[in-house]
1. If we sort 8-19, 29-40, 67-78 on the protection proxy, mean other Cβ atoms within 10 Å, highest first, what's the order?
2. At 7 Å along Cα-to-Cβ for each site, give me the label-to-label distance between ARG97 and HIS29 in nm.
3. What is the dipole size for segment 28-81, taken about its Cα centre, with +1 at each Lys and Arg Cβ and -1 at each Asp and Glu Cβ, in debye to the nearest 20?
4. Can you tell me the dipole magnitude for the chain around its Cα centre, using point charges on the Cβ only (Lys, Arg +1; Asp, Glu -1), in Debye to the nearest 20?
Amino acid sequence: MPIATVPKNTPEVWTFSNGSGGTWWHPVHVHHEFMRVISRNSGAPLADEADGMARKDTILLGVGDSVDVHVNFRDFTGNFMFHCHNLEHEDHFMMARFDVV
């Protein structure tokens, strides 16, 4: 079952948060489209994200981080996923499906 249903070619703002506690960092990878970081922890993005136009397909979430990204699934419809790129997390299903319609 999808965590979200996203209209094709409609800009959206997604928020990724690392509220897991502990010391884990999570490189969150979104399939199908690039993102642009709008803000990190309610402030300015990091230097390599700061121009607002840097295209990312993976966002690194440090402990307690919250990152707002602009995303627009322009080209394809279907079922897609995002997941943590830590192998231990990916292997334990730290992932979710979203559908572009």
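1. Taking the mean over residues of other Cβ atoms within 10 Å, the ranking is 29-40, 67-78, 8-19.
2. With each label point 7 Å from Cα toward Cβ, the separation is 1.9 nm.
3. Computed about the Cα centre, the dipole is about 60 debye.
4. The calculation lands at about 220 debye.
Read the figures in this text as sums done on the coordinates, not as results from a lab. In this text, all values refer to a predicted model and were calculated from it rather than measured experimentally. Counting neighbours? That spans all protein chains shown, and the Cβs are built from the backbone with ideal geometry, glycine included.
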